[in-house]
Amino acid sequence: MTLRQPETSPVLDELFRQAAAWREENPKEALRLYRQALELAQADACFTGVAHALRGAADCHVLLSQYEQGLALALQAKAAFEALGDRAGMGHCLVHVGAVRMYQADYAAAHACFGEALEIALDAQNTWLEALARNNLAWVFSTLGNFGFALEHYLKALELFRAVADPAFEAMVLCNLAAAHLELEDYDQALEFARRSLELRQQLRLRLGQADVHNLRGYIYYRQKRLGESIAELERAIALYDELGDRDYQCASWNTLGQAHLALGATRRALECFGRALELATLSESPSSLTDAWRCMAEAHLQAGDPLQALADLERALQLGDDNLSLRREVLETQSRVLEALGRFEEALQAHKALRRVELRLKDEQLQHQTLALSMRYKLEQERQRSAELAQVNAALEALNQEKTRLLEELRRQAELLERQSLEDPLTELANRRHLEGYLHQEFARVRRTGRPLTVAVADIDNFKSINDQLTHPVGDEVLRVVARLLQDGCRAGDTVGRYGGEEFVLVFPDTPLEEARHVCERLRQAVEGYPWHSIHPDLRVTLSFGLCDDTSGPSHEPMISHADALMLEAKREGKNRVKTPPGGSR
């Protein structure tokens with residue numbers, strides 16, 4: 001069952017607008033506004049408002065790393081949009097569900113969600129949703145280490161966000177492209193994408209986005225060993241994160257900042273940075289952040305010449321039981337090295353064995369990721385091939401349809417031509433005898449019903465046989481064409497002129513008494529007589545003889561034609577070039 005979609009109220013619209021404005025820099029405030037909108041929409045039974053409020057709240061929970069709450073609300077929103085028949089809304093919810101699955105490391109489920117969202121976007125021709133789905137598919141491939149496919153989707157998403165003029169999301173994709181190029185160790189390209197992202201976010205005054213780019217640039221510079229530039233960027237990022245109250249990313253910035261100072265030999269400053277990272281990681285309750293902070297603290301204590309404190313730091317990192325195998329491997333690797341340096345070989349061996357187990361698990365995980373990425377890529381290639389085949393079939397069908405349309409149009413033109421030829425004299429382009437007979441039959445029937453007057457005239461070119469014999473048939477044909485044009489141009493709007501046969505023409509004057517028709521024919525006779533026929537041939541002279549009939553008392557129009565023809569012949573006998581009416585005038 002599909003519910004009707006009541007319009008949202010101005011109050012709801014304003015709440016949604018405010019929530020969207022707060023989304024990036026203050027997700028908690030945005031969440032409060034979405035909850036307020038949800039209560040209002042539920043009270044007003046506004047199903048559209050309910051669906052959008054649920055989706056917005058789900059998005060905020062994901063941004064706040066509250067994944068279970070975000071997942072539950074995203075699924076509720078998807079069901080609400082489905083009840084409304086809003087497939088684009090369902091697609092947006094699938095993106096949120098997929099994001100949660102990514103954070104839960106369920107990459108296959110995430111890929112399925114983003115892929116379904118992409119299908120919905122393509123089906124609905126929703127460019128913005130397509131861009132978002134492609135960006136998140138790239139996120140999956142990037143996480144699985146398939147950067148070729150990731151870059152392909154990121155670049156397409158960038159193109160689409162530009163097409164819909166959404167600079168905020170364009171900046172997001174540029175930042176993602178920078179991160180992908182960083183993983184590929186293409187630092188120059190990574191910095192270029194980061195620069196473009198920062199420029200856009202500065203123009204839009206997106207401070208959290210600016211902090212993210214400064215943080216990323218700081219890490220890129222650190223990887224390039226451009227430590228001064230790295231420190232400057234990281235300090236900018238930390239200042240912005242501190243203003244905005246973002247702990248998770250600020251924690252990562254402090255760790256990288258400490259590593260940069262450590263690389264410069266500033267151990268005390270490095271320890272201060274790692275200590276601040278530990279404080280923030282403890283507050284955020286992020287196991288990965290805590291593990292990384294203790295690992296970095298251990299490196300600083302080692303450099304300060306305190307291996308025992310370093311071992312204590314590493315032990316605390318291992319006690320956290322973080323599932324991040326890459327971090328755990330680094331911790332065990334450092335622990336094994338320190339124990340061996342202290343001559344505690346038995347413990348070093350145990351640490352080394354633990355390290356080997358983690359490395360095996362990590363290789364297994366990487367193999368699973370590669371297999372999953374290949375499987376996803378294979379499915380995408382199959383879909384792309386099916387799409388290409390479908391496009392070819394559609395192109396062929398379109399070509400056939402165009403050919404069919406062309407043939408139908410040609411048939412229509414031929415039918416019109418045949419119809420015109422069946423009713424039109426080809427030489428003079430006047431109505432032919434068949435057309436005249438049909439028209440006169442209709443007019444005569446109308447006259448019998450209404451009693452309205454009807455006059456018919458027969459006109460014949462005088463001495464036409466002599467014109468053909470003496471001046472050639474081409475001249476005679478031109479005479480017929482000119483006379484036809486003069487008759488057509490000289491008649492009134494409601495009159496009809498046709499070629500009855502040979503050099504004979506019939507003129508039909510509906511609703512016209514005999515005397516009025518006689519005046520028209522007299523004007524036509526003069527027009528023909530006065531035409532400059534010498535322009536066709538110097539010896540050419542053309543006149544017309546007319547016979548008129550207005551007697552509609554017969555059984556059909558045929559007696560009228562016969563009477564008019566007889567009077568035309570009488571006009572010829574009396575000297576030609578004249579208009580002859582019945583004796584005594586009108587019937």
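The values are calculated or read from the model by the stated rules, or taken from the named source; none is laboratory data. Computed from a prediction, not measured in an experiment: that's the story for all the values here. Cβ atoms come from the backbone with ideal geometry, glycine included; neighbour counts cover every protein chain shown. Surface accessibility is based on the protein's heavy atoms, side chains included, excluding ligands, DNA and RNA. Shrake-Rupley method; radii C 1.70, N 1.55, O 1.52, S 1.80 Å.
Couple of notes before you dig in:
- In this rough spin-label picture, where each label sits 7 Å from Cα along the Cβ direction, the GLN203-ARG344 distance is 5.7 nm.
- Separation of region 297-357 from region 64-134 is 41 Å, based on Cα centroids.
- When only Cα pairs below 8 angstrom with a gap of at least 6 residues are kept, region 167-249 shows a relative contact order of 24 percent.
- Estimated FRET transfer efficiency (ARG413, ARG481; beta-carbon r; R0 30 Å; 0.05): 0.80
- Dipole in debye (nearest 20) - the chain, about Cα centre, beta carbon charges: Lys, Arg +1; Asp, Glu -1: 280
- Heavy-atom surface of the chain, accessible at 1.4 Å and reported per residue (Å²): 51
- Average 1/r across all pairs of distinct alpha carbons in region 55-158, invert it, and you get the Kirkwood radius: 13.4 Å.
- For the chain, the relative contact order works out to 6 percent when only alpha carbon pairs closer than 8 Å and six or more residues apart are counted.
- Enclosed volume per residue, in Å³, of the convex hull spanned by Cα atoms of region 433-580: 99
- Once both labels are positioned 7 Å from their Cα atoms along Cα-to-Cβ, the gap between ARG195 and ALA239 label points is 2.2 nm.
- Subtracting the Cα-Cα distance of THR472 and GLN526 from their residue separation scaled by 0.36 nm leaves 17.0 nm.
- With R₀ set to 41 Å, the beta-carbon distance separating SER535 from ARG449 gives a calculated FRET efficiency near 0.30.
- Ranked by how many other beta carbons lie within 10 Å on average, peptides 442-455, 542-555 from highest: 542-555, 442-455
- Cα radius of gyration and Dmax for region 196-265 (Å): 11.6, 38
- Against the set [x] 0.98; [y] 1.11; [z] 1.43, the structure's computed Rg/Rh (Cα atoms, Kirkwood Rh) falls on [z].
- Spread over its residues, the convex hull of the C-alpha atoms of region 78-139 is 62 Å³ per residue.
- Label sites at GLU279 and GLN42, each approximated as a point 7 angstrom past Cα along Cα to Cβ, lie 4.0 nm apart.
- Counting DSSP beta bridges with both ends in the chain, the antiparallel % (nearest 5): 85
- Look at the alpha carbon pairs under 8 Å that are at least 6 residues apart: their mean separation over the length of region 433-580 gives a relative contact order of 31 percent.
- In the chain, the portion of solvent-accessible area held by carbon and sulfur atoms comes to 50 percent [1.4 Å probe, whole percent, DNA, RNA and ligands not counted].
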